[in-house]
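Below is one structure, written out as structure tokens; the observations come after it.
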Amino acid sequence: MARHGNHRKVDPGMRPVVGPTATGTAADGQPTAGITGTAARRSIWARYVAALKARNVKAIIGTVIAALVVIALVVGPAILIRRHMEDQRAADAMRDNPIPATSGDPGINWDALRSRNPEIYAWLYVPGTGINLPVLQHTGKDDVYYLTHDQWGDPSYLGSVFSEMQNSQSFTDPVTVLYGHDVASVFKNLHRFEDADFFNQYDKIYIYTPANHVLTYRIVSAYRTDNRHILNTHDFSKQSVRREYFNQVMTPTDSPAQVRQDVQLADGDRILQLSTCMLNEYHGSHRYIVTGQLINDQTINVKPKQ
């Protein structure tokens, strides 16, 4: 015979509680506030979805990083090869430039050059290096415009030989600085002066101007230095500053350095400095400077070019 005394009747309106009650705790250890079983399941599902999303985001980020690495490995060398080929073509073009005469008519057609780019104001020739290029100065606000533009003003990572507006275009300043990238088509071959035999064999720099001047400089030193801006660092209008700087030019402390021991720079001298990078060894933190002392400023008679 069945026993009925211990049976409880369940109110049909009541729903059984599944999972944590109002006085329980959620799966994350935080107290709940009347979370029903359905709400708890929804909470767990939401956390699961959030975890999947986070995992997917990490996977996507990892995929993107891997893709970027592959692109860098493939595209990077291709860019370097292309730039090297461009540099070699530009260097070949420089070698095709007629070598200007160092006396008499140098054979430079200024009208043709300046009709293409009126910012060409001089011509630089350094025997033994292959450097035989126009010199430019930008008249706009961007003083280093020709770091990223060629002699015709077209964009080029090779750049050009240029001076800043702090220097006059007449080469009458106590210190004139010409800049150029350490590439074969511009100033890379200045590093040949690191070799003592080369330094002793070649000792001239020539500057030609549209005013029919030929300026001859004797190379007196070639050395590595830090990358401080020469014209911003020194006030060359002061004789004491010029004297101190000229002394530094003739007694460089960093190697490699070459100096002509038979030369002294006087207070009234004018010097020309050719400045380029030392990227291979110092990652742009140093510069290499070849310095010439003006020894002759000659006016020549030139027939107009046809």
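Here, each number is a calculation from the coordinates, and none is a lab measurement. Here the structure is a predicted model, which is why all the values come from computation and not from measurement. Cβ: placed from backbone, ideal geometry, glycine included. Neighbour counts: every protein chain shown.
Some notes on this structure:
- FRET efficiency for MET165 and LYS238, using Cβ-Cβ distance with R0 set to 25 Å, rounded to 0.05: 0.80
- Put in order of Cβ neighbour count within 10 Å, fewest first, the listed residues LYS53, LYS141, LYS188 become LYS141, LYS53, LYS188.
- J(HN,Hα) series, the range 204-215, from Karplus relation 6.51 cos²θ - 1.76 cosθ + 1.60, nearest Hz, glycine and proline x: 10, 10, 10, 10, 10, 10, x, 7, 6, 9, 10, 9
- If a spin label sat at a point 7 angstrom from the Cα of LYS141 along the line to its beta carbon, the backbone N atoms of the range 156-193 nearer than 19 Å would be those of 164-166.
- The HN-Hα couplings worked out from phi for the range 223-239 by the Karplus form 6.51 cos²θ - 1.76 cosθ + 1.60 (θ = phi - 60°) are 7, 8, 8, 6, 9, 5, 6, 4, 6, 7, 7, 10, 9, 6, 6, 8, 4 Hz, whole numbers, x standing for Gly and Pro.
- Along the range 243-255 the Karplus relation, 6.51 cos²θ - 1.76 cosθ + 1.60 evaluated at θ = phi - 60°, assigns HN-Hα couplings of 4, 5, 5, 4, 5, 5, 4, 8, 9, x, 9, 8, 9 Hz to successive residues, with x for each Gly and Pro.
- The stretch between ALA54 and ASP105, if pulled fully straight at 0.36 nm per residue, gains 10.8 nm over its current Cα-Cα span.
- Ranked for footprinting exposure by Cβ neighbours inside 10 Å, fewest first, ARG228, ARG260, ARG42 give ARG228, ARG42, ARG260.
- In plain terms, the residue of LEU136, LEU294 with the fewest other Cβ atoms within 10 Å comes first and the most crowded comes last, giving LEU294, LEU136.
- Point-to-point label distance, ARG116-THR38, nm (Cα→Cβ direction, 7 Å offset): 8.2
- Computed on the range 97-299, with alpha-carbon pairs under 8 angstrom and 6+ residues apart, the relative contact order is 20 percent.
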